[in-house]
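Colleague: Supplied in structure tokens, the structure appears directly below.
The values are calculated or read from the model by the stated rules, or taken from the named source; none is laboratory data. Since the structure is predicted, the reported quantities are computational estimates derived from the model, not experimental observations. Here the Cβ is made from the backbone with ideal geometry for all residues, glycine too, and neighbour counts use every protein chain on show. Areas reflect the complete protein model, heavy atoms only, side chains present, ligands, DNA and RNA absent. Shrake-Rupley method; radii C 1.70, N 1.55, O 1.52, S 1.80 Å.
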Amino acid sequence: MQGDVQVFRAKRIITMNPGQPFATHVAVLGGKILAVGGLEEMQALGAYRLDERFTESVLLPGFVEGHCHLFEGGIWDDPYIGYFDRRGPDGAVSPGLKSIAAVVAHLRAAPHAADATSISAWGFDPIYLPGRRMKAADLDAVSDSLPVVITHASGHIMNVNSVALRMIGIDRDTDLDGLLRDADGEPTGELLGFELLGLVRDRVVASGLSRKLDVRGLRRFGQLALRVGVTTATDLVSDMADDTMAVYKAATAAEDFPIRIAPALAARFYGIEEGLARLGALKAEATDRLFIGTVKLHVDGSIQGFTARLRWPGYHNGAPNGLWYIAPNELGGIIEAYHRAGATLHMHTNGDEATELTVEMLARAIAAHPRPDHRHTLQHCQMPDQALYRRIAALGLCCNIFANHIYYWGEAHIAETMGLSRAQRMDACGTVLRNNIPLAIHSDAPITPLDPLFTAWCAVMRETSTGRVLGPDERISVEQALYAITTGAAYTLKLDHLVGSIEVGKFADFAVLGLDPLAMDPAGLKDVPVLGTIRGGAFFPA
Ligand SMILES: [Zn+2]
């Protein structure tokens, strides 16, 4: 064999290739996998360099995060104000804040630059906070001269102070969907949905989901990724503008950047024809580390923010139904256009009404324009019942399930949004697999922390933050969960021929683990040490 062949010997290699599930050696040439097996297969290669650094470690395919947002790296420039403790890219833990007063005190104490023109924070999660909703007056106590903008954990809701309300031009006469008001009709400072969030972006500050990427933030995301075993990550809402593409290219061209990235063009930034043209033009710019071809649609909001669209009987606590982010009469046209053009659609649907409508529109598009192997994927897909899953299966759709919700918001879903009966069927990975639907599971980072082994633990254990098991019959095995964070996720991105398993010809991307997840109590899955990653044969220690 010509060239510099490198062989990694490990304690065990879990390949996620059902045709050869386990090995001890993997050979790499030019960043790709040359051979997998034992010593015998390696000796057949002729000369090679043996790397024995991992003889006590377990190698898996590098994890594929099929739904995250790369601004998770940059967002740590702003204070984290969520309910749960959260580890940042530098490894330090920001403690969870358990009341509105604690959030306000934290923001008052947080340093900001003398020349700052706004104050932003992220991760606010009011559903567990006792008492009332946050008001503009709370944030006026943080600043009465600068605009203060805090983004909720869902990413779909903001609270702002009075200065920001004035800058946006909102007062009691404003007539916009998603503007919360108090009993006297005054805006409370809580803003729901992309229309209002867009006004904040345009007139105050681009924070939250509209934050722009920069190379420094992307590199920080890379640091976070290698500590949790991720070697391929999506950026599932991207404007794919020239400046964004320049950031992707600069970051991924660096040899010391540890991940491959797969941004999805967010359809809402473009008219249909314009979006199709943009996607077509950008395909020529794809590389081995920058994959292009998926399109993201947002059909509704978030369940815990009460902006998801639910079927009967609606929200458990009686809250009014949520928001359509795409008008129902426009959804079919958008889906059909991208489907016909050959794109892979990734459709955010949280509530079951949104999923049902999306499935109906996909059924029409697929019937009118049959296209084998489309791999259209329902993202989050948290509430379908058995019949809706059977339709999903019949249409050949994939599901990327938001398994982390069970831990982070399971208790809130029981108490507030769905009630126990429906909460037990949420994020139904068991049903997805029983219907032979291709499965991925995700974190939606920064909505919840990037950590595929934790996500796998959620799908396997289905424990809420209080330790109660929610819907035990929807639990899946460790092996199935590992599949969902590797080959399963790669499949939804049409990248399973390149990444997601350890097979000859694929990229030499591995997660290096300190314990064998298949030889332990599944309850320990989230605590398996990640020692680093290997991308294209190069080791990146955690
Ligand atoms: Zn998302």
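Colleague: Can you give the % of DSSP beta bridges in region 390-537 that are antiparallel, to the nearest 5? Each step should come with its number before you reach the end.
Modeller: Working: 5 of 8 bridges.
In region 390-537, approximately 60 percent of DSSP beta bridges are antiparallel ones.
Colleague: Also, quick follow-up: Work out, step by step, the length gained on full extension between residue 40 and residue 184: first 0.36 nm times the residue separation, then minus their alpha carbon distance; give nm to one decimal.
Modeller: Working: separation 144, 0.36 × 144 = 51.84 nm, distance 7.85 nm.
Answer, rounded to one decimal: 44.0 nm.
Colleague: Work out, step by step, the length gained on full extension between residue 341 and residue 212: first 0.36 nm times the residue separation, then minus their alpha carbon distance; give nm to one decimal.
Modeller: On the way: separation 129, 0.36 × 129 = 46.44 nm, distance 2.78 nm.
Result: 43.7 nm gained on full extension.
Colleague: What does the net charge come to around residue 383 if you take all other residues with beta carbon closer than 13 Å to its beta carbon, with K and R at +1 and D and E at -1? All intermediate terms of the calculation are to be shown ahead of the outcome.
Modeller: On the way: positive: 309, 311, 422, 425; negative: 300, 352, 353, 356, 385, 427, 474.
Net charge in that neighbourhood comes out at -3.
Colleague: Also: Where in the chain lies the longest segment free of GluC sites (Glu not before Pro) that are both loop residues by DSSP (not H, G, I, E, B) and have at most 12 other Cβ atoms within 10 Å?
Modeller: On the way: sites that count: 52, 56, 255.
Here the longest run is 256-542.
Colleague: Continuing with the same structure: Percent relative contact order of region 383-465, based on C-alpha pairs within less than 8 angstrom and at least six residues apart? Show your work: numbers first, answer last.
Modeller: Numbers: 103 pairs, mean separation 35.8, N = 83.
Across region 383-465, relative contact order equals 43 percent.
Colleague: Follow-up question, since we're still on this one. How big is the charge dipole of region 276-435 about its Cα centre, in debye rounded to the nearest 20, if each Lys and Arg gets +1 on its Cβ and each Asp and Glu gets -1 on its Cβ?
Modeller: Numbers: 15 positive and 14 negative charges, 84 e Å.
It works out to roughly 400 debye.
Colleague: Quick one: compute a quarter of the convex hull surface over the Cα atoms of region 273-333 and quote it in nm². Don't jump to the answer; show the numbers that get you there.
Modeller: Values: hull surface 25.2 nm².
Result: 6.3 nm².
Colleague: Let me ask another. Given labels modelled 7 Å from the Cα in the Cβ direction, how far is it in nm from residue 4 to residue 243?
Modeller: Here the modelled spin labels are 3.9 nm apart.
Colleague: On full extension of the chain, what length is gained from residue 108 through residue 385, given 0.36 nm per residue of separation minus the C-alpha to C-alpha distance? Don't skip to the end; give the middle numbers.
Modeller: Numbers: separation 277, 0.36 × 277 = 99.72 nm, distance 4.51 nm.
Extra length from residue 108 to residue 385 when fully extended: 95.2 nm.
Colleague: Right, another one. Give, as a single signed number, the net charge of other residues whose beta carbon lies under 9 Å from the beta carbon of residue 368, with Lys and Arg counted +1 and Asp and Glu -1.
Modeller: Values: positive: 340, 364; negative: 336.
Neighbour charge sum, excluding residue 368 itself: +1.
Colleague: Translational D (Stokes-Einstein, µm²/s) of the chain at 37 °C and 0.692 mPa s when Rh comes from the Kirkwood sum over C-alpha pairs?
Modeller: Working: Rh = 23.8 Å.
Result for D is 138 µm²/s.
Colleague: Go through 11/249; 135/296; 212/506; 296/526; 98/135; 296/494 and tell me which ones have a Cα-Cα distance over 26 Å in this structure. Can you show the working numbers first?
Modeller: Details: 11/249 36 Å; 135/296 32 Å; 212/506 32 Å; 296/526 29 Å; 98/135 16 Å; 296/494 15 Å.
Exceeds cut-off: 11/249; 135/296; 212/506; 296/526.
Colleague: If 15, 117 are ordered by their accessible area, calculated over protein heavy atoms with a 1.4 Å probe, which sequence runs from highest to lowest? Don't jump to the answer; show the numbers that get you there.
Modeller: Working: 15 0, 117 110 Å².
From most exposed to least exposed: 117, 15.
Colleague: For every other residue with a beta carbon closer than 13 angstrom to the beta carbon of residue 340, add +1 if it is Lys or Arg and -1 if Asp or Glu, then tell me the sum.
Modeller: On the way: positive: 364, 371; negative: 273, 336.
Neighbour charge sum, excluding residue 340 itself: 0.
Colleague: Follow-up question, since we're still on this one. What nm value, rounded to one decimal, do you get for the distance between residue 363 and residue 284 when each label is placed 7 Å out toward the C-beta?
Modeller: 4.1
Colleague: Now, a different point. For the chain, what does -39500 (n - 2.57) per DSSP helix run (n ≥ 4), summed and divided by total residues, give at 222 nm, in deg cm²/dmol to the nearest 500? Intermediate values should be presented prior to the final figure.
Modeller: On the way: 17 runs with 155 residues, N = 542.
Computed ellipticity for the chain at 222 nm equals -8000 deg cm²/dmol.
Colleague: Tally the DSSP beta bridges in the chain and give the antiparallel ones as a percent, rounded to 5.
Modeller: Within the chain, antiparallel bridges account for around 50 percent of the total.
Colleague: If you restrict to DSSP beta bridges whose two residues both lie in region 1-104, what percentage is antiparallel, to the nearest 5? Mind dumping the intermediate values first?
Modeller: Details: 13 of 18 bridges.
In region 1-104, DSSP labels about 70 percent of beta bridges as antiparallel.
Colleague: A follow-up question, please. Per residue, how much accessible area does the chain show when a 1.4 Å probe rolls over the protein heavy atoms, in square angstrom? All intermediate terms of the calculation are to be shown ahead of the outcome.
Modeller: Working: 19950 Å² over 542 residues.
Counting only protein heavy atoms, the per-residue value for the chain is 37 Å².
Colleague: Also, quick follow-up: Could you tell me the convex hull volume per residue, in Å³, taken over the Cα atoms of region 119-163? Don't jump to the answer; show the numbers that get you there.
Modeller: On the way: hull volume 2.9 nm³, N = 45.
Dividing the Cα hull volume of region 119-163 by its residues yields 65 Å³.
Colleague: Where nothing but the Cβ of Lys and Arg (+1) and of Asp and Glu (-1) is charged, how large is the charge dipole of region 1-141 around its Cα centre, in debye to the nearest 20?
Modeller: Dipole of region 1-141, to the nearest 20 debye: 380 debye.
Colleague: Please compute the contact order of the chain in relative form: average sequence separation of alpha-carbon pairs under 8 Å and at least six residues apart, divided by the residue count, as a percent. Write out the running numbers ahead of the final one.
Modeller: Numbers: 1246 pairs, mean separation 94.0, N = 542.
For the chain, the relative contact order is 17 percent.
Colleague: Taking +1 at the Cβ of each Lys and Arg and -1 at the Cβ of each Asp and Glu, which of 295, 265, 306 sits farthest along the dipole of region 243-314 towards its positive end, judged by Cα position relative to the Cα centre?
Modeller: The residue sitting most towards the positive pole is 306.
Colleague: Would you mind telling me the share, in percent, of accessible area of the chain contributed by carbon and sulfur at probe 1.4 angstrom?
Modeller: On the way: 10210 of 19950 Å².
Solvent-exposed carbon and sulfur of the chain make up 51 percent of the total.
Colleague: Okay, moving on. Under a plain spin-label model, where a point goes 7 Å from the Cα along Cα-to-Cβ, how far apart in nm are residue 55 and residue 538?
Modeller: Distance between the two pseudo-spin positions: 2.7 nm.
Colleague: What do you get when you divide the Cα radius of gyration of region 324-449 by 2.2 N^0.38 Å, with N the number of residues? Spell out each step's value before the answer.
Modeller: Working: Rg = 14.5 Å, N = 126, 2.2 N^0.38 = 13.8 Å.
Cα Rg divided by the expected 2.2 N^0.38 Å: 1.05.
Colleague: How big is the dipole moment of region 406-517 about its Cα centre under a simple scheme where the beta carbon of each Lys and Arg is +1, that of each Asp and Glu is -1, and everything else is neutral? Debye, nearest 20, please. Let's see the in-between values first.
Modeller: Numbers: 8 positive and 13 negative charges, 57 e Å.
Roughly 280 debye, rounded to the nearest 20.
Colleague: Moving on to the next point. State, as an integer percentage, the relative contact order of region 1-110 based on alpha-carbon contacts under 8 Å between residues 6 or more apart.
Modeller: 23
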